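What follows is a short report on a single structure.
Derivation of every value follows stated rules applied to the coordinates shown; laboratory data play no part. Everything numeric here is computed off the predicted structure, so don't read it as measured data. Cβ sites come from the backbone with ideal geometry, for glycine too, and all protein chains shown count toward neighbours.
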């Protein structure tokens, strides 16, 4: 690793060798942190997409943004960006209907009684909130984070 005029040049072989010399717990910790950093980039893009979608409709759904959550596996082998939230009684469950879409819904009963004519409640069209995610930005963020933390841990150990 060499630094010239605020430009960082990294030797990939040195990073790989340094990563191999770390123990299993440290490797898992670095993998989890890198995956979390990449998932946070996705989360940020999805939150901005949800915000712009509802703002364009003229509606205010502030609780929806907290429904976009990040989960990283214990072994550091996967990460997920969940659109439906974690909490049981949370308003973000409505995001499911906007991401999957619904068919035409009709009201057949009102207060337990059958209606003579069904009321048309409309439908919700499908919208992909993950369309604005930049894959190259995510992979570069993960690579950068893993490289930086590997060298940091290796240099502190030696």
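Overview of values
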quantity	calculated
Burial order of peptide ranges 100-109, 24-33 (average beta-carbon count within 10 Å, highest first)	24-33, 100-109
Footprinting exposure proxy for 110, 53 (fewest neighbouring C-beta atoms within 10 Å first)	110, 53
Ordering of 67-78, 144-155 by packing [mean C-beta count within 10 Å, highest first]	144-155, 67-78
